[in-house]
Each structure stands twice: as structure tokens, then as C-alpha cells.
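S.K.: Below you will find the structure I want to go over with you.
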Amino acid sequence: MGKGIVKKHKALKVILIVLAVMVVLCIGGFFIAAMHTQIVVGFIQKMADTS
């Protein structure tokens with residue numbers, strides 16, 4: 001009976017770790033996307049200013 005409880009806790013820890021990694025990757029992805037859009041918008045504005 002004790003072993004089953006340990007297995008459940010292990011699975012729960014794995015699920016929590018996977019969720020945490022996914023959240024970190026999503027937040028990182030949003031920051032990278034935001035940075036790229038700012039770079040692209042800045043580049044477009046520079047091109048518009050020169051023409």
C-alpha cells in the first residue's frame with residue numbers, strides 16, 4: 001500500500017514539473033515574440049522614414 005502512494009506522488013511531481021516547464025516556455029516564447037515584433041516594427045518605421 002505504501003508503494004502505491006509513492007508512485008502517485010512521483011506521477012504528480014512529474015506532471016507538475018512538465019506543467020512548470022510548459023509555462024516557462026510559453027512565457028519565454030511570448031517575450032521572444034514581443035521582442036521580434038518590436039524589432040520588425042522599428043525596422044518598418046525606419047524604412048518608412050527613409051522613403
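S.K.: For Val40, are the conditions met, namely being on the phi < 0 side of the Ramachandran plot, at pLDDT 85 or above and open to solvent by less than 90 Å² (accessible area, probe 1.4 Å)?
M.R.: For Val40, the condition - on the phi < 0 side of the Ramachandran plot, at pLDDT 85 or above and open to solvent by less than 90 Å² (accessible area, probe 1.4 Å) - is not met.
S.K.: State whether one or more residues within region 6-13 are modelled with pLDDT under 85 and open to solvent by less than 100 Å² (accessible area, probe 1.4 Å).
M.R.: Yes.
The values are calculated or read from the model by the stated rules, or taken from the named source; none is laboratory data. Since this is a predicted model, take the numbers as computed values, not measurements. To get the accessible areas, we keep the full protein, side chains included, count just its heavy atoms, and leave off ligands, DNA and RNA. Shrake-Rupley method; radii C 1.70, N 1.55, O 1.52, S 1.80 Å.
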